[in-house]
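Working notes, structure below.
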Amino acid sequence: MLNQIRQHPIYQKTVQFMASEHLLDDIHHIDIALSGGADSVCLLALLHTMQLDIPLRAHHIRHGLRDDARDAEIAQKTAELFDIEYIQTDLTWPDGIPQSNLEDHARKARYHAFFSHLSKGSALALAHHGDENLETSLWRLGRGCGIEGFVLSPKRYERGIALIRPLLMLSKDAIYTFLKEF
């Protein structure tokens, strides 16, 4: 299967994009944010197939805001299939978080959990794709953001951790098509 993936145009496109954006420069460890959804499963498969000299680990976050047991099961089985170390963080929530701020609280808690397992020189691989880049641009434009925050960056640093987005040049449809072929 690895050879089939390596011959796929999406694999080649991802490798070229990662090299052109220097996504792996100075990285000694990568955690893959593995939600169990198609995008993150695709990201894990591609990174694993690259057989990098960088250790990979899958990290799943259970928000506990809905029944997410199936997502956790998919994430764990995917990591096992590719023989990648798997960790899971279960979040707990205090009472009284307003529904209007719930998504923002969940995002902050998720990143806090990711960062608590990483050290300087590590990377967190996120499965944002090109369609999300467009959506983010429109959302941020509506909030009046400046040009520097208009689109998702392929690589940026937060707390000494590189946030890398190797799938930004792919569409959601391309990701689904790729997964259906394997």
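The values are calculated or read from the model by the stated rules, or taken from the named source; none is laboratory data. This is a predicted model, so every value here is computed, not measured. No Cβ is skipped: glycine too gets one built from the backbone with ideal geometry, and neighbour counts run over all protein chains shown. Keep in mind that these areas ignore ligands, DNA and RNA; they rest on the heavy atoms of the full protein, side chains included. Shrake-Rupley method; radii C 1.70, N 1.55, O 1.52, S 1.80 Å.
On inspection, GLN12 passes the criterion of being free of Cβ contacts under 8 Å to residues at least 12 places away in the same chain and either in a helix (DSSP H, G or I) or open to solvent by 30 Å² or more (accessible area, probe 1.4 Å) (or both).
Being in contact (Cβ under 8 Å) with a residue 60 or more places away in the chain and open to solvent by less than 10 Å² (accessible area, probe 1.4 Å) is the filter here, so list the residues in the range 30-58 that pass it. Within the range 30-58, ILE30, ASP31, ILE32, SER40, CYS42, LEU43, ALA45, LEU46, LEU47 meet the criteria.
Yes/no per residue for (1) open to solvent by 30 Å² or more (accessible area, probe 1.4 Å); (2) touching a residue at least 24 places away in the same chain (Cβ under 8 Å); (3) not in a helix (DSSP H, G or I):
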| site | (1), (2), (3) |
| --- | --- |
| ILE61 | no, yes, yes |
| ALA72 | no, yes, no |
| GLU80 | yes, no, no |
| THR89 | no, yes, yes |
| ILE97 | yes, no, yes |
| SER100 | yes, no, no |
| ARG110 | yes, yes, no |
| PHE114 | no, yes, no |
| LEU118 | no, yes, yes |
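Here ILE74 meets each of (1) touching a Leu at 6+ places or on another chain (Cβ under 8 Å); (2) modelled with pLDDT of 95 or more with one exception, condition (1).
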